[in-house]
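The values are calculated or read from the model by the stated rules, or taken from the named source; none is laboratory data. Here the structure is a predicted model, which means the values were calculated and not measured. Reconstructed Cβ throughout: ideal geometry from the backbone, glycine too, with neighbour counts over all protein chains shown.
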Amino acid sequence: MKLTKVSTLLVATTLAGVSFLQTSQASAEEMRYEYTMGGKATTAEALDAFNRGRQLLRVNNNSDAAAMLKKAVELMPDNADAHHTYAIALAKTGQSSAAIQELQTALSLNSNSAPSWMTIGGLYQSTGQIDKAIESYRGFLSRFPTDRDAKKIAGLVAGLEGERLKLQAIYGQSGKPPADVHDYFTEVTRDGVIRWNAQQMPLRVFITNGDGTPGYREQFGDILKQSFSSWSQASKGLVTFNLVDTADQAQIVCLWSSDPAKFKNIAESGHAVLDTTRNGLVKGTITILTVPLVEQLPLTDNRMRRGCLHEIGHVLGLAGHTSNPDDAMFYSMDIDDKWKDLTERDSNTIVRLYAKPPATSSLR
């Protein structure tokens, strides 16, 4: 059985057109506006702030990029490209609400910006706002039906609509869990309950050496090991692991890949394959991607951590996805670049799965 995410998200960057205006006998005031960006007059100071901020984004120095791009926006408040790029910096530093506001401003200034329509859809998606994500992506498709990313966006819409229907089947028309629900067990087991038997603990794990895999860094292996340990702690010891020396000894084998095209869903940053019998799980394989899925979102240690936690969750039997961005099993990748710790909801869910015999022994 193969487990795949519902969808990924798209983040678009703008490469604003910048030109130098030739002037003759211009006044000092006019000389301040010798440059244009995105078709609008600007100053050397504003342009410098924008370019510095964009360069900081390229090297993933997101906090400093946000500060520099804030200055650029203040100097040219009517420039859609500046607001768009500032929004990306805000999103990468976890300021999603502020980023969405900046993108709304960018679209009010230039409603014909395909990157802004894509990015605001991605932000709504990454914050669990399915209806708004679908609306924004549809806005993109209606305006840019021949865009090179139109097929991807259409796929995202279909995936999100499917996710919404699944949530509505569980929680009713709102698709939102009641406030007194403190786990996501029902969401991730909606196709059936599956787990490892207690007699199989500790689960034997083999992690391949990623040396030679493009993009692999030595710390990735350590992050994966930490992630197994985190799930064990979150389960309150109901799930335990031992590292073994060969794949033949292992129940869970972990691989590294730099080729997302090998995955069933090319939007996957990880991939889990499970073998089951009537008695539950008997074998699991996790493949973790070692290169970025989206060029604008470098594969940092923080993003590697999120991917590892997510795929381990799958291999433990958390087969579905959730609608809460704070959950390890959230259906979408994140834009922000922050270390992920398992939450109380993650812990409550894995404990609920392993604390008592499952109602069924395999996925339907």
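Annotations
- For the range 32-80, the set of residues classified as more than 30 Å from Pro292 (Cα to Cα) and either in contact with a His (Cβ under 7 Å, 6 or more places away or on another chain) or touching a residue at least 24 places away in the same chain (Cβ under 8 Å) (or both) consists of Lys40, Thr42, Thr43, Glu45, Ala46, Leu75, Met76, Asp78, listed by residue number.
- Within the range 207-234, being small (Gly, Ala, Ser) and either at pLDDT 95 or above or surrounded by fewer than 19 Cβ atoms within 10 Å (Cβ to Cβ) (or both) holds for Gly212, Gly215, Gly221, Ser227, Ser229, Ser230, Ser232, Ala234.
- The residues listed here are Ala133, Ala114, Ala106, Ala91; of these, the one that is more than 18 Å from Asn324 (Cα to Cα) and surrounded by 21 or more Cβ atoms within 10 Å (Cβ to Cβ) is Ala106.
- In the set Thr119, Thr189, only one residue is closer than 28 Å to Ser232 by Cα, touching a helix residue (DSSP H, G or I) at 6+ places or on another chain (Cβ under 8 Å), polar (S, T, N, Q) and in contact (Cβ under 8 Å) with a residue 12 or more places away in the chain; that residue is Thr189.
- Any hit, the range 157-180, residues being under 22 Å from Leu309 (Cβ atoms), in contact with a helix residue (DSSP H, G or I) (Cβ under 9 Å, 6 or more places away or on another chain), modelled with pLDDT under 90 and assigned to a loop (DSSP other than H, G, I, E, B): yes
- Inspection of the range 273-286 finds a residue satisfying the criterion of being over 24 Å from Tyr331 (Cβ atoms), of a type in the set (S, T, N, Q) and either at pLDDT below 95 or buried (at least 20 other Cβ atoms within 10 Å of the Cβ) (or both).
- Check on Val291, touching a Ser or Thr at 6+ places or on another chain (Cβ under 9 Å), within 30 Å of Asn209 (Cβ to Cβ), surrounded by fewer than 19 Cβ atoms within 10 Å (Cβ to Cβ) and at pLDDT 90 or above: yes
- So Lys225, is it outside the structural domain of Thr127 (by TED's automatic domain parsing) and either over 18 Å from Phe330 (Cα atoms) or free of Cβ contacts under 8 Å to residues at least 24 places away in the same chain (or both): yes
- Asp147 part of a loop (DSSP other than H, G, I, E, B) and either among the acidic types (Asp, Glu) or within 21 Å of Ala49 (Cα to Cα) (or both): yes
- In this structure, Ile350 qualifies as buried (at least 20 other Cβ atoms within 10 Å of the Cβ), out of contact with any strand residue (DSSP E or B) (no Cβ under 8 Å at 6 or more places or on another chain) and not in a loop (DSSP other than H, G, I, E, B).
- Among the conditions (1) closer than 23 Å to Leu289 by Cβ; (2) modelled with pLDDT of 95 or more, the only one that Lys152 does not satisfy is (2).
- Scanning the range 181-196 for residues that are under 24 Å from the mean Cα position of the chain (by Cα) and either assigned to a helix (DSSP H, G or I) or surrounded by 20 or more Cβ atoms within 10 Å (Cβ to Cβ) (or both) returns Asp183, Tyr184, Phe185, Thr186, Glu187, Val188, Thr189.
- Residue list for the range 237-272, filter: buried (at least 20 other Cβ atoms within 10 Å of the Cβ) and at pLDDT 90 or above: Val239, Ala250, Gln251, Ile252, Val253, Cys254, Trp256, Ser257, Ala272
- Taking residues in the range 307-327 that are under 16 Å from Val205 (Cβ atoms) and touching a residue at least 12 places away in the same chain (Cβ under 8 Å), and partners anywhere that are part of a helix (DSSP H, G or I) and aliphatic (A, V, I, L, M), the pairs with Cβ atoms closer than 8 Å and at least 6 places apart or on different chains are Cys308/Ile223; Cys308/Leu224; Gly313/Val188; Gly313/Ile350; Leu316/Ile350; Leu316/Leu353; Gly317/Leu353.
- Restricted to the range 4-113, the set of helices (runs of 4 or more DSSP H) holding at least 2 residues that are at pLDDT 85 or above and over 31 Å from the mean Cα position of the chain (by Cα) comprises 44-58.
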